[in-house]
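Undergrad: Right, I'll just put the structure down here and ask away after.
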Amino acid sequence: MSTVTEPSTPQPVRSSTVLPFWSAVRTIFVLEMKQRLRGKGWYWMLGIWFVVIGFIFVLGTGVIGTMENQGGILFDLIVGFVLLFGLLVAPGLSANAINGDRAGGTLAILQVTLITPGQLLAGKWLASWVGSLAFLILSCPFIFWALALGGVNVQEALVSLLMLAVELGVACAIGVGVSSLATRPLFSIVSTYMLVALLAVGTVIVFGLSTLLVMEEQTVRSSYYTYPEGSFDSSGAPAPDAEMECVSQTNIYEVPNTQYITWILAANPFVVVADAVPYSLPDVPRGNGAAMGYVEGPYYSPGVMETISQGVRSAQAGPDLEMTCEESMGGRQPLPQGVPIWPLGLGIQLLLAGALLLIGRRKLTMPAKRLAQGTRIA
Amino acid sequence: MTNEFGGIVVEGVARSFGSVQAVRDIDFEAPPGEVTALIGPNGSGKTTLMLMLASLLAPDLGTVRVAGFDPVTQAAEVRRRVGWMPDTLGVWDSLTALEVLKTLGALYGMEPAACARRADDVLEAVSLTEFGRQPARVLSRGQQQRLSLARALIHDPEVLLLDEPASGLDPGSRVELRSLLRSLAAEGKTVVVSSHVLSELDEIADRAVFVSRGQSVKSQTLDEAGSQMRRYYLQAEPMSALAEALQSYGVRFEVRGDSRREEFLVQLGSTAEASWLLRTLVMGDVVVTAFAPAGGALEETYMSLDTDRR
């Protein structure tokens, strides 16, 4: 095959056979966007999206009413739903990027040009990401509305939106990667949904099942306020002048050491977003009026995403082996962030998407040495 | 003729897909400045060979040189010089013909201005100028076929690989395709056309390579094909007189069975022999009403090869 012995073989002119990376990516991006903008499907999806988010927003406003932290809860609700629906939309926009072209006979036409597989994948990914970001932008009216109700600081809002955009990008990258590996568009769309579901639901299931593996008998000391032994009268009611006192008791329970398995949750898109957002924790008053048996001030009422954030933090913290009397009276105490878990989660997601894209890139490199069963190049 | 600086040279190429041996052993040569026909029955490996020439498929065995470069190790060099028109119609439905051409031009690294000029030129060459701003989905099959040809020409390639370019074209467009390909060859470009419409290749091609079951079985120029043993069909009024005359000259003939008209088929070794027979028949007062080659030169070769069309 080598032509080293033939002195007459023309020398390649390198400069003219390499496309500048971004100009090639832009060409593919423009090609994809033109098709998307001229089709009807995307607009229908956007329309349905707007109606659904609007419906949820109105419903949410009605249910939450004039509760404390209304803006925050609504904002959180919208972020949660945008993420949920975004994870449903992004695979649809991205998972037929490559094999759809192959089925349409246009992939090979692109492959005989000077474009490299990496440029092709980058252009396709960018186009599907921008396509799904439109859904995020369309939800902005509701996001701003919720923000206008107050209770959410700017940082929280910005990080939420940024992380939503990043998660949509990850889902699109997974979709594009799968579409370059799977032969049929339908198969790759379903596979992408499965992968996204694996991250969003599978991690929770695995986490739940894994708690059984980290069960351990531990001594739990719990304290509570009660009236002293001798202060009850004959009818069982406490004497009017009796003072409550703090009583502790020690039990041995089987408790899950969730701190060892919380990392399983890390790659969950909801966890990544929730854990990255710097929620401003309200200063919930401790039960210093405990003797009176009630807590003053507003209850700490987190929204959907903040609840997830709190759940992860408490899982990270592991079982509470010592419950003080204050805790028993003080309602739910918001946990401050310990070690952020989202960089790990995002890292796992990027690793998954990157691996898929890398294998896809190898598969798109022509001339092909091996072809999958039933594949036709053109 | 072919040298290291241009054209296509393929030697002993083989390629299989799993257990299916699509190409077993093909030798193929296409010199610059000529139109080379690639002829073979369905499934004989024509498209597979085209894919290898277009740098989309790596051969298992053998060497391929396109414009002097190896499509496997120097794919980009080959791609820059090759225009490929696939046998499938790949269409971006919502894009206009001009947009398609400009996109492809950009992907070949052309400057936008030069690319736009070139797009206008190639659209004119395939007579699609008036459809330049129409979305591709409104084009008819034949028009899309022509757009596909324009796409293959956008970067002014040295080598043109056309897989079934004439399928779906109306007679007028076929004539245009023919003159376009002839003029490209006259410019010194290497043109490879695969087809099984042999009558058409007769008029376009300078040479032909016949493949069957993944093997190249024969390679000949059209001049060679023209001077070989050919069949002629004859008609006369009445046919009985013709039959008598042929028998008296000792020319063997058969009654053609696959035609609507009654015809005799004779095998003649050369055009000289044919003109001798015609003259003799006319001089012998046989009223000859038809005397013509039974098929094109390539068709004769094709039929004479023991290619199985199973």
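Derivation of every value follows stated rules applied to the coordinates shown; laboratory data play no part. Computed from a prediction, not measured in an experiment: that's the story for all the values here. Using ideal geometry, Cβ is built from the backbone for each residue, glycine included, and neighbour counts are taken over all protein chains shown.
Undergrad: Check every one of the strands (runs of 3 or more DSSP E) wholly within the stretch B:175-259 and list those with 3 or more residues that are among the β-branched types (Val, Ile, Thr).
TA: Numbers: elements: B:190-195, B:207-212, B:215-221, B:230-237, B:253-255.
Ranges flagged: B:190-195.
A quick yes/no check of all residues on (1) over 25 Å from the mean Cα position of the chain (by Cα); (2) surrounded by fewer than 20 Cβ atoms within 10 Å (Cβ to Cβ); (3) more than 14 Å from chain A (Cβ to nearest Cβ):
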| residue | (1), (2), (3) |
| --- | --- |
| B:Ser16 | no, yes, no |
| B:Val23 | no, no, no |
| B:Ile26 | no, no, yes |
| B:Glu34 | no, no, yes |
| B:Lys46 | no, no, no |
| B:Thr73 | yes, yes, no |
| B:Arg80 | no, no, no |
| B:Trp92 | yes, no, no |
| B:Leu101 | no, no, no |
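Undergrad: Determine which member of the set B:Leu181, B:Leu147, B:Leu201, B:Leu161 is surrounded by 21 or more Cβ atoms within 10 Å (Cβ to Cβ) and out of contact with any strand residue (DSSP E or B) (no Cβ under 9 Å at 6 or more places or on another chain). Before the answer, list the steps.
TA: Working: B:Leu181 fails: out of contact with any strand residue (DSSP E or B) (no Cβ under 9 Å at 6 or more places or on another chain); B:Leu201 fails: out of contact with any strand residue (DSSP E or B) (no Cβ under 9 Å at 6 or more places or on another chain); B:Leu161 fails: out of contact with any strand residue (DSSP E or B) (no Cβ under 9 Å at 6 or more places or on another chain).
Within the list B:Leu181, B:Leu147, B:Leu201, B:Leu161, the selection yields B:Leu147.
Undergrad: Related question: Step by step: first the residues of the stretch B:103-114, then only those that are closer than 21 Å to A:Ala108 by Cβ and not small (Gly, Ala, Ser), then the one that is farthest from the other protein chains (Cβ to nearest Cβ). Which residue is that?
TA: Among them, the one singled out is B:Met110.
Undergrad: Here is a follow-up. Right, B:Arg118: more than 13 Å from chain A (Cβ to nearest Cβ) and of a type in the set (Lys, Arg) or not? Quick ask: steps written out before the conclusion?
TA: Details: more than 13 Å from chain A (Cβ to nearest Cβ): yes; of a type in the set (Lys, Arg): yes.
Answer is yes for this residue.
Undergrad: Report the residue count in the stretch B:110-119 for those that are of a type in the set (D, E, K, R) and not in a helix (DSSP H, G or I).
TA: Final tally of qualifying residues: 1.
Undergrad: Right, next: Which condition number does B:Asp156 fail, the rest of (1) surrounded by fewer than 20 Cβ atoms within 10 Å (Cβ to Cβ); (2) within 12 Å of chain A (Cβ to nearest Cβ) being met?
TA: Here B:Asp156 meets the rest and fails (2).
Undergrad: Filtering the stretch B:126-143 down to residues that are closer than 20 Å to B:Pro171 by Cα and surrounded by fewer than 18 Cβ atoms within 10 Å (Cβ to Cβ), which residue is farthest from the chain's Cα centre (by Cα)?
TA: B:Glu130
Undergrad: Restricting attention to helices (runs of 4 or more DSSP H) lying wholly within the stretch A:75-169, give those where 3 or more residues are closer than 24 Å to A:Ile48 by Cα and without any contact (Cβ under 8 Å) to a residue 40 or more places away in the chain.
TA: A:140-148
Undergrad: So, in the stretch A:219-236, exactly how many residues are touching a Pro at 6+ places or on another chain (Cβ under 8 Å) and surrounded by 15 or more Cβ atoms within 10 Å (Cβ to Cβ)?
TA: So the answer is 3.
Undergrad: Go through the stretch B:48-68 and give me each residue that's of a type outside the set (A, V, I, L, M), more than 7 Å from chain A (Cβ to nearest Cβ) and more than 24 Å from A:Thr106 (Cβ to Cβ).
TA: If the condition is that a residue be of a type outside the set (A, V, I, L, M), more than 7 Å from chain A (Cβ to nearest Cβ) and more than 24 Å from A:Thr106 (Cβ to Cβ), then B:Pro59, B:Asp60, B:Gly62, B:Arg65 are the ones that fit.
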